[in-house]
Amino acid sequence: MACDIAFAEVKMGSIHEPTTGRAAPAPPPRIGVLALQGSFALHAAALRRLGIEAVEVRRAPALEGLDGLIIPGGESSTMLKFLLEEDLFDPLIAFHRDGGAFYGTCAGAILLARTVENPAQESLGLLDVEIQRNGYGRQLESHVGACSCSALGEPDLSLVMIRGPVISSAGPGVEVLAKWRGAPAFVREGRVLATTFHPELTDDTRIHAYFLEVATEARQATGATLGGTNSR
């Protein structure tokens, strides 16, 4: 995919001196993976396939200098408990406020949502969606599907649903990038992405590459706002 190639070029170009008269290539974005519980190691592996070494985030200071953060799948209520115990809840909200990008998968999507139901649960509220926990059923109803995604092109996305949530409604600022069984399965609102499925369980890195682009855009926008200096 073109974005994979672009990031490979950035990585390769960063080890050479810039040609006279040409600007040095921009460094790749720095991405963290919330490593409290769930499939964080698989997300880190997907990023490594794209030439990015992820930062495992367990405490708030690890957010310093990051451009984006992935919140993995797992058990959302357990992850929420750890966020509160480790005093990470408010720092994550501040990270978004200061220009950081987010990508949440499954439980991560639940934690990012504005409203959580089935049952109700506290969340970061950074993505204007209402989400139903275990919306596709319990563990026995876990399944694999496929759907098209015009933002990523061919082939279709493989959807690995493990006790997947269902996005029951999305605000006007939320772009639906892919659907499954009539409900949004891949969404974006500004610099926040979410999927109700697990791309890290497949060999397809296109969504992770797309997130790198979002994080790069977020860094550039933050730099412009701060007069060209990224403070993170």
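The values are calculated or read from the model by the stated rules, or taken from the named source; none is laboratory data. All of these numbers come straight from a predicted model, not from anything done at the bench. Every residue, glycine as well, gets a Cβ built from its backbone with ideal geometry; the counts of neighbours run over all protein chains shown.
On the basis of being in a helix (DSSP H, G or I), under 12 Å from THR196 (Cβ atoms) and not charged (D, E, K, R), does GLY108 make the cut? Here the answer is yes, as GLY108 does meet what is asked. When the criteria are applied in full, ALA26 fails the requirement of being within 14 Å of the chain's Cα centre (by Cα) and aliphatic (A, V, I, L, M). Among the residues of the stretch 45-87, those identified as under 16 Å from ALA101 (Cα atoms) and hydrophobic (A, V, I, L, M, F, W, C) are LEU47, ILE52, ALA54, VAL55, VAL57, ALA60, ALA62, LEU63, LEU66, LEU69, ILE70, ILE71. Taking the numbered list (1) closer than 25 Å to ASP203 by Cα; (2) in a loop (DSSP other than H, G, I, E, B); (3) in contact (Cβ under 8 Å) with a residue 24 or more places away in the chain; (4) not acidic (Asp, Glu) in turn, PRO155 passes all entries but (3).
Every residue, every condition in (1) basic (Lys, Arg); (2) modelled with pLDDT of 95 or more; (3) surrounded by 14 or more Cβ atoms within 10 Å (Cβ to Cβ); (4) not in a strand (DSSP E or B), yes or no:
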position	(1), (2), (3), (4)
ALA62	no, yes, yes, yes
LEU66	no, yes, yes, yes
ILE70	no, yes, yes, no
GLY73	no, no, yes, yes
SER77	no, no, yes, yes
ASP87	no, yes, no, yes
ASP90	no, yes, no, yes
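Regarding GLY99, is this residue surrounded by 18 or more Cβ atoms within 10 Å (Cβ to Cβ), under 20 Å from LEU201 (Cα atoms), at pLDDT 95 or above and not hydrophobic (A, V, I, L, M, F, W, C)? Show your work before the answer.
On the way: surrounded by 18 or more Cβ atoms within 10 Å (Cβ to Cβ): yes; under 20 Å from LEU201 (Cα atoms): no; at pLDDT 95 or above: yes; not hydrophobic (A, V, I, L, M, F, W, C): yes.
For GLY99, the condition - surrounded by 18 or more Cβ atoms within 10 Å (Cβ to Cβ), under 20 Å from LEU201 (Cα atoms), at pLDDT 95 or above and not hydrophobic (A, V, I, L, M, F, W, C) - is not met.
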